[in-house]
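Derivation of every value follows stated rules applied to the coordinates shown; laboratory data play no part. Keep in mind it's a predicted model, so treat the numbers as computed, not measured. Positions of Cβ are generated from backbone atoms using ideal geometry, with glycine treated the same way; all protein chains shown enter the neighbour counts.
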């Protein structure tokens, strides 16, 4: 299934989906050394974002989050790609700094269509994902 959306940061990535219905903050929400979500009570607490297509509604939290994303990229623990319902500036800046493909405003709600573990292709250059 191919779904079109808006490209925020171009690029191509593919991998296993990690889906959260809860907003996410990279500052304090993840261990940048391992990519494991550490936010207490978060639905994905204990899961790793490293090398996965991370799908969540939107970011929240500190402006430091963009630097955490870049730090994760440098350490090899960052997501392969990010998909949001609506991307905000912190996530966009971090993904741009790290060159992580980022899309939002998909034609269909990815939180309803995609499940953790699904294999996803993200072609942000062309403006679509494939499940």
Taking the Cα atoms only, what angle lies between the long axis of helix 65-75 and the longest principal axis of the chain, rounded to 10 degrees? 90 degrees
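Normalized C-alpha radius of gyration of region 69-111, against 2.2 N^0.38 Å? Let's see the in-between values first.
Numbers: Rg = 10.8 Å, N = 43, 2.2 N^0.38 = 9.2 Å.
Here the Cα radius of gyration is 1.17 times the empirical estimate.
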Using only alpha carbon positions, build the gyration tensor of region 2-130, then give the equivalent ellipsoid semi-axes as the square roots of 5 times its eigenvalues, largest first, whole angstrom. 20, 15, 13
Compute the distance from the alpha-carbon center of region 47-74 to that of region 15-35, in whole Å. 6 Å
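Please quote Rg/Rh for region 44-102 to two decimal places, taking the Kirkwood radius as Rh and restricting both calculations to Cα atoms.
Taking Rh as the inverse mean 1/r over Cα pairs, Rg/Rh reads 0.92.
Where does each of 4, 112, 52 land when they are ranked from fewest to most other beta-carbon atoms within 10 angstrom? Please report the intermediate quantities before stating the final value.
Working: 4 14, 112 9, 52 23.
If I rank by nearby Cβ atoms, fewest first, I get 112, 4, 52.
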Using a basic spin-label model with each label point 7 Å from the Cα along Cα→Cβ, how many nm lie between residue 105 and residue 130? 2.5 nm
To the nearest 10 degrees, the tilt of helix 89-98 (Cα long axis) against the first principal axis of the alpha carbons of the chain is 90 degrees
Cα gyration tensor of region 1-52 - equivalent ellipsoid semi-axes, whole Å, descending: 23, 13, 11
